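Comments concern the structure below.
A short reminder: the numbers here are calculations on the coordinates, not readings from a lab. Since the model is a prediction, treat every value here as computed from it, not as a measurement. Glycine gets a Cβ as well: all are built from the backbone with ideal geometry, and neighbour counts include every protein chain shown.
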Amino acid sequence: MTTIAADNAITVQNLLAAFEGESNAHAKYTAFAVKADADGLSGAASLFRAAARAEQIHAANHARVIKQMGGEAKCEIHAVETGTTLENLKAALEGEQYEVAVMYPGFLAEAKEHNNTAAMRTFTGAMEAEKTHARLYGEAIALLVGGKKDTWIAATRDFYVCPVCGYTSETEEEHERCPVCNCPWEKFEIVR
């Protein structure tokens, strides 16, 4: 195994923290999707599954960079506690907002300081996808709180996930290419 250069030690620690966070978000959102389906909120379940897939992509991207920098991607997956679908949506939104406002900006600043371009790329891709997840979770919460269960949150819905960076969209062919990483739209995965 290669060793981690001293200049990269903090970046690798940040990558490991992000890897663990994304891996646990994948597990959490997968469990939340099961609960949403059980609650008859198939659209919310589809959203959780799409976000779970995106988190899986983020974790894989972080793991690849950790390995490139001489580290090993390991983490602990925590037990998932589910609440009501509304509680789960709120918990998911809170996690996404933390990643967008605090975690990824801090990790990006440190990676930029040490000119770790691979880390900057994986952190940016994840952060941009998390912004979309936060918006969609916020929309779902507003619909549920407003008593609008006859909207997209109840019906099975397709979401489109970029296989490269995890960017998530609720509309088909939003752009010709992913707005984050430039991946062709036709390569996006459909998650229902």
Problem - Percent RCO, i.e. relative contact order, over the range 6-154, from Cα pairs under 8 Å lying at least 6 residues apart - result: 31 percent
Problem - the range 6-154: Lys pairs at Cα distance under 28 angstrom, eight or more positions apart or on different chains - result: 22
Problem - Sites matching trypsin sites (Lys or Arg not before Pro) across the range 1-93 that sit in DSSP coil, with at most 13 neighbouring C-beta atoms within 10 Å - result: Lys74
Practice task
List the DSSP H helices in the chain whose Cα atoms stretch 18 Å or more along the helix axis and whose mean Kyte-Doolittle hydropathy is at least -0.5.
Solution key: 9-38, 42-68, 117-145
